[in-house]
Structures are given as C-alpha cells and as structure tokens.
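Written below as structure tokens is the structure these notes are about.
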Amino acid sequence: MSQSTLKISGMKCARCAARVENALLSLPGVEQAKVDFSTATASVEGDVSQDQVVTVIETLGYDVAGS
Ligand SMILES: [Cu+2]
C-alpha cells in the first residue's frame, strides 16, 4: 500500500496515539505515520502491507476497525 487510513479503537488518550504512531514509524518501509487521537485514525504512508500495520496496532492492544 502507498497511503492508507485506518480507524483505531481502544485508544484512551493522546499518549496511546503517540505509542501507536511511534510503533508504526519503526516499521520497515513506513515513510510517514500520523495517529490522531481525536478522530481515532491512523494514516500510514510507505511500502508496507496493511497486514503489518494492523498487526503492530493489535500487538499494542488496540483494535483496527474493519480488519
Ligand atoms: Cu492512553
């Protein structure tokens, strides 16, 4: 995928969003990641599969809607 926006559930504060964002940025291939707590969305850009992105988010204890 080149650019994708995902809906995340389970984030309770801005620190959760920062955690997810940092984890996404550490994924190989990810060029940009932005996680917004107020809208509960993550936008990811780079050469990475959606499966990898979902796995990282779920490993941290959050859920991706529609995955
Ligand atoms: Cu939190």
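The values are calculated or read from the model by the stated rules, or taken from the named source; none is laboratory data. Computed from a predicted model, the values in this text were never measured in an experiment. A quick note on method: Cβ atoms are made from the backbone with ideal geometry, for glycine too, and the neighbour counts reach across all protein chains shown. Ligands, DNA and RNA are stripped out before the accessible areas are found, and what is left, the full protein with its side chains, is counted by its heavy atoms. Shrake-Rupley method; radii C 1.70, N 1.55, O 1.52, S 1.80 Å.
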Practice task
Using 0.36 nm per residue of separation minus the Cα-Cα distance, give me the extension gain between L25 and T39 in nm, one decimal.
Solution key: 3.1 nm
Problem - Crossing angle, helix 50-59 versus the chain [Cα axis fit, 0-90 degrees, rounded to tens] - result: 40 degrees
Handout entry: Modelled FRET efficiency - R0 22 Å, C13 with D47, Cβ distances, 0.05 increments
Key = 0.10
Completion exercise
Rounded to the nearest 10, the angle in degrees between the Cα long axis of helix 14-25 and the longest principal axis of the Cα atoms of the chain comes to 10 degrees
Practice task
Would you work out the relative contact order for the chain, in percent, from Cα pairs under 8 angstrom that are 6 or more residues apart?
Solution key: 43 percent
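Would you calculate, for the chain, the mean residue ellipticity at 222 nm contributed by helices, counting each DSSP H stretch of 4 or more residues as -39,500 (n - 2.57) and dividing by all residues, to the nearest 500?
Details: 2 runs with 22 residues, N = 67.
Value at 222 nm, helices only: -10000 deg cm²/dmol.
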Problem - Amide proton proximity set for V48, modelled H, under 5 Å, gap of 5+ - result: none
Practice task
For every other residue with a beta carbon closer than 12 angstrom to the beta carbon of L25, add +1 if it is Lys or Arg and -1 if Asp or Glu, then tell me the sum.
Solution key: -1
Fill in the blank from the handout: Regression test value, accessible area per residue of the chain, probe 1.4 Å, units Å², expected 59 Å²
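What is the Cα convex hull volume of the chain when expressed per residue in Å³? If you can, show how the numbers build up before the last one.
Working: hull volume 4.4 nm³, N = 67.
Dividing the Cα hull volume of the chain by its residue count gives 66 Å³.
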